[in-house]
Amino acid sequence: MTLDVAWAMRWMRCTAEAVAEAKTGLTELDRVIGDGDHGENLDRGFRAVTAKLDGLESPPAQVGDVLKLVATTLMSSVGGASGPLYGTAFLRAAKVTGLPELDAHGTVALLEAALEGITARGKAVVGEKTMVDAWQPAVDAAESVASGGGTAHDALVAAADAAAAGAAATVPLLATKGRASYLGERSQGHQDPGATSTALILAAAVRASEEE
Amino acid sequence: MTLDVAWAMRWMRCTAEAVAEAKTGLTELDRVIGDGDHGENLDRGFRAVTAKLDGLESPPAQVGDVLKLVATTLMSSVGGASGPLYGTAFLRAAKVTGLPELDAHGTVALLEAALEGITARGKAVVGEKTMVDAWQPAVDAAESVASGGGTAHDALVAAADAAAAGAAATVPLLATKGRASYLGERSQGHQDPGATSTALILAAAVRASEEE
Amino acid sequence: MKKLLNDPQDAVKETLEGFGAAHADLVTVHLDPAYVVRAGEPRAGKVGLVSGGGSGHEPLHAGFVGLGMLDAAVPGAVFTSPTPDQIAPAFEAADSGAGVLAIVKNYTGDVLNFETAVELAEIDDRQVATVVVNDDVAVEDSLYTAGRRGVAGTVAVEKIAGAAAERGDDLAAVTAVAQRVIDNVRTMGVALTACTVPHVGKPSFDLTDDEIEIGIGIHGEPGRHKVPMASADEITDQLVAPVVEDLGLASGEEVLLLVNGMGGTPSSELYVVYRRARALLSERGVVVARSLVGNYVTSLEMQGASVTVLRLDPELTELWDAPVHTAALRW
Amino acid sequence: MKKLLNDPQDAVKETLEGFGAAHADLVTVHLDPAYVVRAGEPRAGKVGLVSGGGSGHEPLHAGFVGLGMLDAAVPGAVFTSPTPDQIAPAFEAADSGAGVLAIVKNYTGDVLNFETAVELAEIDDRQVATVVVNDDVAVEDSLYTAGRRGVAGTVAVEKIAGAAAERGDDLAAVTAVAQRVIDNVRTMGVALTACTVPHVGKPSFDLTDDEIEIGIGIHGEPGRHKVPMASADEITDQLVAPVVEDLGLASGEEVLLLVNGMGGTPSSELYVVYRRARALLSERGVVVARSLVGNYVTSLEMQGASVTVLRLDPELTELWDAPVHTAALRW
Ligand SMILES: Nc1ncnc2c1ncn2[C@@H]1O[C@H](COP(=O)(O)OP(=O)(O)O)[C@@H](O)[C@H]1O
Ligand SMILES: Nc1ncnc2c1ncn2[C@@H]1O[C@H](COP(=O)(O)OP(=O)(O)O)[C@@H](O)[C@H]1O
Ligand SMILES: [Mg+2]
Ligand SMILES: [Mg+2]
Ligand SMILES: [Mg+2]
Ligand SMILES: [Mg+2]
């Protein structure tokens, strides 16, 4: 149940599995309001991450080391908008997780840093129908659990649930950032692919913490 | 009932009407074993013929004058294989019909000359699944009616019937001339477009002789 | 059928109008009858080169009118040979007194209409020689057919004969070099989809989603046989093998490799085909000395490609390399 | 989906291999990471020009690498921006010491990935300037969107900036002229059919047989709105009007008119569109001084076209006319 280096590595493997499974679905979401490559992009990226993890001689010392490896791998293999966004998210997260293990506040710090990375690069705010609409409620939920004395695991669960709800809540939104924005009102009525994959990544973090 | 200049002009107008009506069907035949333009080609040609006839100040003196005008018009408007073939057919026919009116033997001469023109240009013989397979039986039938003492009209009717039968009989043939020959055995089982249009032209000649 | 056209009957005319306006520095377009000639007067003493055929194969032939290639092109209706009354003035426009070479693709319609036009030219004492391009190895048994068809190899014939004419060869010499190209060029094509002639409005043949047509012609006529859809490499193998065999290529020989798109295939796919074709030739020791990849002899929006191989010799290579300045080919 | 491809995952790599082999005189292709550079060393003192973006738009960008145009091109996966680890070595290869201009089409993915690559370059003390092409007038309200997209106008930016670099302009001057092109070029496109990304296997959007998508992007993303299928002239009117309006063209001005095919449309149809577009411009007294018609910025096998107008001035015209020698553009 501890969010340590082994957890971080499991998180990424769980994510890779989940993305592979959801690939067609993510791509279909992106086909409708984007260009139909989001599932393929992330699958390519997380397969590369898995390969990198497989290639490690020994596990790194700190959670941040894992996240940094994830960041650089995603940046160099995903492409598209989501590549630099997720890449920067994990890079910023790595910077605040130079620890062998995370407590509840460390977990919040990770999520917060990730969100900051995404908004620094992408300049989106809540309500623009992007992955920010999943990350922001996730950060908020984790924060309130942590400040209420919850465990790191509790914080993660709350984040994942909030991200899922946030992703679902993108359906009625009008996109004003990213490729979907070109559709104007036709972007309404469809769930954002990036918000959906964010929910998927955070759900994988929870699973990884439970499998141990 | 006389095959005079008026008849020749009516023949061409009847043909134009028949071709316009059969355009899609001819093209469909050509689509299956050729390149799908025979109906369009002939329709373009006979519309041009009609326009030429409409433009005449007074009717020409001889049947052959009408046929020569048809020949040059078809040659310059049909294109494809059928353009020069029908063009040459009418040109040769014009040469033997320098008369104000045709009797039975004159009718046979017209048909014979037309066939000679087609074989001179196209080098096809009977059985190669071309328009020759309609023209040859037409010539033969007209000849036997004429030598048996039949009228010009009888000869025409016999020619038209034989052409129709000849066209129908092209269905099982293997094409060895023209575009259909590229299909090899796949050309079998389909009626030849050019033989079909030949039957149509000769049927129009009969109708023109009956309308008067 | 969705096409960027107005009345289908006007398609050829309007294409020519656009082409003439876009390339007024290169060509003059005549509309009635329709033919396209090089801008300016024919160069005295130069053999004139004229080609033509049905429309729908663009850039063939009008896209190849210009310095180092054709002097005139005669477009017929879509997939229908032009008529003698169009061809004859093209001969006249191309003739500077040194005679004209007519480059005809081997289709009954083209052959007969050019034949008639040549007869007309002879009446006017114009000297016209004719070569008939028949590079399509898909037509196997030419004894029982109208003979092999002229397809993408035509580009090589027009380019090389054009260079020979430009350097001042006389009619006999230009004709001989054109014939040498014809004797040494072979093509095989494949269609993934049929195309739709504008005024017909439905596909020119039927193909299901999992079959392709091997040995396709360029007039919407079906090919040698349908086979199941396969990978680019497997399909390319089926195109290259009969070409190499028919040419009897030996190790060490140099060739021009042309991968031609049928009109609706993205160039990325053509390069995938080129990659495999080149590898197959290399395996046999054949040296790909020159290459051309793109849409040159098309069938409207058909998806598919053809592979053309021309056996080179030093003179043919030099003529291929000679400058050319046309709308569709330029170096 | 029928395509001349092997494993869809290998499509970009195999296209690059074929392209590199066919144009070895012009380019060197690197595969891991993937980028394409001019053959030979960069010319000392010349500003390097680098562009890139998702694959599937061929000949953009690799087809424009060569004398007078790009020094390097960086192809991403199909319709997916390339990654910084590809872009950075392309910057390095293009840099002779005079700095590099990155020409980026305005898509979030392209902008972010190039941005990251520029940050990496700065760590290496490499001077990289960036221009963002956003010629697509289909995106109306750029306050509420990611901004206008970069589409076919990119060709003009690359050609003209390339000529400026080739004549020896410094980085600031090349950047300024590229920006001047961007400020004066506008495009509007239409799709008659969608296209199919190889590894997706189904069309990127849905269109019925009697509707078309006006204001289409080049990444398989849907356009501004669907309208009923219409004649080429009517469709062209809908493309030209917003372009002319956005540019605010006045009578007497000279322009470059580019009619670009989306990949699956025969060139005959492009000339029909060109004919009408030119007539509409002429009606307003606008002089079409330069023209380009063909497939330059495509969307795989999509059927459709775009109309691009660039307002010319004497310097831009001179740079447009300057020699270019690439796989896809040459004069
Ligand atoms: N400016 C932005 N800020 C945050 N997220 C963004 C932004 N632009 C796009 N996205 C996210 O990226 C997702 C699309 O990613 P992807 O399909 O991989 O890239 P691309 O749009 O380049 O094809 C969108 O669904 C959205 O969630
Ligand atoms: N060598 C030939 N001799 C006689 N008739 C021929 C010959 N070649 C073709 N034909 C006729 O021409 C018809 C096709 O005409 P058409 O479709 O107008 O021309 P194309 O084949 O050039 O498209 C065929 O159905 C056939 O009857
Ligand atoms: Mg996408
Ligand atoms: Mg036909
Ligand atoms: Mg035809
Ligand atoms: Mg994308």
### Message
What is the angle, in °, between the Cα long axis of helix B:152-168 and the longest principal axis of the Cα atoms in chain B? Nearest 10 is fine, range 0 to 90.
### Response
10 degrees
### Message
Distances in nm, one decimal, shortest first, from residue D:122 to the same residue in every other copy, taking the label point 7 angstrom along Cα→Cβ.
### Response
7.9
### Query
Going by how many other beta carbons lie within 10 Å of each one, how would you line up C:2, B:177, B:123, fewest first?
B:123, C:2, B:177
#### Entry: Local electrostatic count at residue A:155 - Lys and Arg +1, Asp and Glu -1, tallied over other residues with Cβ under 10 Å
-3
#### Entry: Helix-only [θ]222 nm of chain D, DSSP H runs n ≥ 4, -39500 (n - 2.57) each, per residue, nearest 500
-10500 deg cm²/dmol
### Query
Nm distances between the label at residue D:141 and the same-position labels in the remaining copies, 7 Å along Cα→Cβ, shortest first?
6.9
### Summary
Rounded to the nearest 10, the angle in degrees between the Cα long axis of helix B:5-33 and the longest principal axis of the Cα atoms of chain B comes to 10 degrees
### Summary
Karplus ³J(HN,Hα) for the stretch C:224-233 (6.51 cos²θ - 1.76 cosθ + 1.60, θ = phi - 60°; Hz, whole; x = Gly/Pro) runs 6, 6, 8, 9, x, 4, 9, 6, 4, 5
## Note on the structure
Averaged over residues of D:72-82, the number of beta carbons from other chains lying within 10 Å of each residue's Cβ is 5
### Task
Could you pull out every residue, at least 5 positions away or on a different chain, whose amide H is within less than 5 Å of the one on residue D:199? Hs are placed 1.01 Å off N in the peptide plane, and Pro or chain starts have none.
none
### Query
When the Karplus curve 6.51 cos²θ - 1.76 cosθ + 1.60 is applied with θ = phi - 60°, which whole-Hz ³J(HN,Hα) does each residue of the stretch C:276-288 get, with x for Gly and Pro?
6, 4, 5, 4, 5, 5, 4, 3, 8, x, 7, 9, 7
### Query
Given label points at 7 Å from Cα along Cα→Cβ, what nm distances, shortest first, separate residue D:246 from the same residue in every other copy?
4.8
### Protection-proxy order for peptides A:199-211, D:291-303, B:141-153, each taking the mean of Cβ atoms within 10 Å per residue, highest first
D:291-303, A:199-211, B:141-153
### Message
Taking the beta-carbon count within 10 Å as an exposure proxy, list D:85, A:30 from fewest neighbours to most.
### Response
D:85, A:30
### Where labels lie 7 Å past Cα in the beta-carbon direction, separation of residue C:123 and residue C:39 in nm
3.5 nm
### Summary
Amide H contacts under 5 Å for residue D:133, restricted to residues at least 5 apart in sequence or on another chain and with H modeled in the peptide plane, are D:104, D:105, D:106
### Message
Residue by residue through D:234-241, how many Cβ atoms from other chains fall within 10 Å of the Cβ on average?
### Response
1
### Query
Which order do peptides A:160-169, C:127-136 fall in by mean Cβ count within 10 Å, highest first?
C:127-136, A:160-169
### Summary
Going residue by residue through the stretch A:196-207, the Karplus relation 6.51 cos²θ - 1.76 cosθ + 1.60 with θ = phi - 60° gives ³J(HN,Hα) values, rounded to whole Hz and with x marking Gly or Pro, of 5, 5, 4, 4, 5, 5, 6, 4, 5, 5, 5, 4
### Query
Percent antiparallel among DSSP beta bridges with both residues in the stretch C:8-183, to the nearest 5?
30 percent
### Query
Which whole number gives the average, over all residues in C:57-70, of C-beta atoms from other chains lying within 10 Å of the residue C-beta?
1
### Message
Quick check for you: which residues of the stretch D:17-57 have the amide N under 14 Å from the point 7 Å beyond the Cα of residue C:282 toward its beta carbon?
### Response
D:17-25, D:29
### Task
At most 12 other Cβ atoms within 10 Å and a DSSP loop assignment: could you name the trypsin sites (Lys or Arg not before Pro) in the stretch C:154-243 that fit?
none
### Message
Given the rotation relating D and C, tell me which residue in D puts its Cβ closest to the axis and the distance in Å.
### Response
D:264, 2
### Message
Between residue C:325 and residue C:172, what's the calculated FRET efficiency when r is the beta-carbon distance and R0 is 22 Å? Round to 0.05.
### Response
0.30
### Query
When DSSP assigns beta bridges and you keep just the ones with both residues in the protein assembly as shown, what percent turn out antiparallel, to the nearest 5?
55 percent
### Dimensionless Rg over Rh [the protein assembly as shown; C-alpha; Kirkwood]
1.05
### Summary
Sparse-neighbourhood loop hits (chymotrypsin sites (Phe, Trp or Tyr not before Pro), the stretch A:56-136; DSSP loop; Cβ within 10 Å at most 10 others) -> none
### Summary
Classified through the alpha carbon gyration tensor (a ≥ b ≥ c as square roots of its eigenvalues; rounded if a/c is under 1.5, else prolate when a/b is larger than b/c, else oblate), the stretch D:8-184 comes out rounded
### Task
Go ahead and set up a Gaussian network model of chain C, Cα springs under 10 Å, then flag whichever of C:187, C:116, C:145 fluctuates most.
C:145
#### Entry: Max mean-square fluctuation residue, GNM over chain A, Cα-Cα springs under 10 Å, options A:112, A:21, A:57
A:57
## Note on the structure
Sorted by chain and then number, the residues having a modelled amide H within less than 5 Å of the amide H of residue C:304, at least 5 places away or on another chain, are C:192, C:262, C:263, C:264, C:265
### Summary
Quick note, the stretch C:255-331: a/c under 1.5 would make it rounded; otherwise a/b > b/c is prolate and the rest oblate (a ≥ b ≥ c, C-alpha gyration tensor); here it is oblate
#### Entry: Cα-based helix-to-principal-axis angle, B:63-77 vs chain B, degrees rounded to 10
30 degrees
## Note on the structure
Using alpha-carbon positions, the gyration tensor of the stretch A:1-132 gives root eigenvalues a ≥ b ≥ c; with a/c under 1.5 called rounded, otherwise prolate if a/b exceeds b/c, else oblate, the class is oblate
### Query
When chain D is treated as a GNM, springs tying every alpha-carbon pair under 10 Å, which of D:156, D:77, D:279 comes out with the largest mean-square fluctuation?
D:279
### Reachable lysines, given that their alpha-carbon falls under 25 Å from the alpha-carbon of residue A:123 and they are not under 8 places away in the same chain
A:68, A:95, A:177, D:105
### Task
Please order C:13, D:202 by the number of other Cβ within 10 Å, starting at the fewest.
D:202, C:13
### Message
Take residue C:206 and residue A:57, extend 7 Å from each Cα along the Cα→Cβ direction, and tell me the distance between the two endpoints in nm.
### Response
6.7 nm
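All of the numbers you see were taken from the coordinates with simple rules; none came from a lab. The structure displayed is predicted, hence computed values, not measured ones. Note that we place each Cβ from the backbone using ideal geometry, even for glycine, and neighbour counts take in every protein chain shown.
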